[in-house]
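What follows is a short report on a single structure.
Nothing in this text is a laboratory measurement; each read-out follows from the coordinates by a stated rule. In this text, all values refer to a predicted model and were calculated from it rather than measured experimentally. FYI the Cβ positions are ideal-geometry reconstructions off the backbone, even for glycines, and counts take in every protein chain you see.
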Amino acid sequence: MKHIDVINQEGKPALIILRMLPASTDAENIGKSGKNFMKQATVNAAVAIATTLLLGCGSQSDFQSAGKIQANSQNQQQAPNMDSPQLPVTKIGPRNEYGFAKISTRKGDDYYEGIVDSNGDEVVQLSSRMLVNDITGKLALIQFERKFLFVPLEGGFVSEADLESVNGFQYAEPHQCGLAMVSIDDSRFYINSDFRKAFDSSFEFAESFHHNRALVMSNGKYRIIDTDGNTVADLDYDQVSLQSEWCWQVINKENGRFRSGFVDLNGKRITELVYDRVGYYDPEVKRIWVCQDQRYGFLDEFAKTVIPVKYDFAEVFDRGKARVVLNGRTFFIDPEGNEVPD
């Protein structure tokens, strides 16, 4: 039994559980079209379930039960839970640079997900209680029922029982810019790649980092921070929301009307608060639909006008075209504003 001390959002010790599995075990056959994707799995290393059992969310008994969970060792030949049925894999997702891929299948009304390595060996057991949210490098972010777990993928086979046996985050997003946004008891904070709290602050709202910037809210106030937790800009607006990775939409209520504008990654205003309505950023065409004084147009990912706000009506882009109305005439335009056949 082994543990690594980490620090939770209250500065108290927490645990990352390292669970020792048997030296070898038969992995489950998840063959597809007669091909056996599973081989005899040799497990000699510890499986790290990167999650926390927080003192701030429980009591000392939590750590006692954790000790019981970690009772397995290399000298105790207890096999992982292999009770799930033999299932044909119906889909294998794209492999990452290390060969890991999400697998999925259905049995009746039940949907199963798991993870295989570059050899097709199952490293995270197929389970109908789990969703694989992200695989980055050698780390997976898994939602198991109502908890979120970071699971290293090179330590050996991880069973459904392993995932069930540990506490997790209330919510978590993948690491971006070296930090992952996680939530416990509705408090959001950031952890680094070692699963330690990145800086002291916790937030009412926080988003994942992009280009070393993130939007957070504390005490009802929005601000932009860098990866060290330093404030880049205070945002004195009623509402702030991410649009593209290069800008945020900012909103104030003025004379009973909501007016929107945009700020950049450093909080500098790109546009004044002139828009009555703003659509979602479309990453396929890199355009933002806007309405100003009952006229419609489009901005780019930097909130710069690329299609003038002049149309009587405009729909969002669909398969590279948007239907617009100008002076009573209806036609289609491309992302550059050029008229195209319907």
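I'm trying to understand the selection: among the residues of the stretch 246-258, which are of a type in the set (S, T, N, Q) and assigned to a loop (DSSP other than H, G, I, E, B)? Selection gives 255 alone. Where strands (runs of 3 or more DSSP E) fall entirely within the stretch 259-299, those with at least 1 residues that are over 14 Å from residue 309 (Cβ atoms) and β-branched (Val, Ile, Thr) are at 269-275.
Of all residues in the stretch 298-327, those that are free of Cβ contacts under 8 Å to residues at least 24 places away in the same chain, within 14 Å of residue 339 (Cβ to Cβ) and surrounded by 14 or more Cβ atoms within 10 Å (Cβ to Cβ) total 6. Residue count for the stretch 204-221 under the criterion of being in contact with a Leu (Cβ under 7 Å, 6 or more places away or on another chain), charged (D, E, K, R) and not in a loop (DSSP other than H, G, I, E, B): the result is 1.
Residue check, residue 213 against (1) under 18 Å from residue 245 (Cβ atoms); (2) among the charged types (D, E, K, R); (3) free of Cβ contacts under 8 Å to residues at least 40 places away in the same chain, all met but one. Which one? Only one criterion is unmet by residue 213, namely (3).
If you go through the stretch 118-134 and keep only what is crowded, with 22+ Cβ neighbours inside 10 Å and charged (D, E, K, R), you end up with just 122. Is it true that some residue in the stretch 244-262 is under 23 Å from residue 207 (Cα atoms), surrounded by fewer than 16 Cβ atoms within 10 Å (Cβ to Cβ) and not hydrophobic (A, V, I, L, M, F, W, C)? For the stretch 244-262, residues under 23 Å from residue 207 (Cα atoms), surrounded by fewer than 16 Cβ atoms within 10 Å (Cβ to Cβ) and not hydrophobic (A, V, I, L, M, F, W, C): present.
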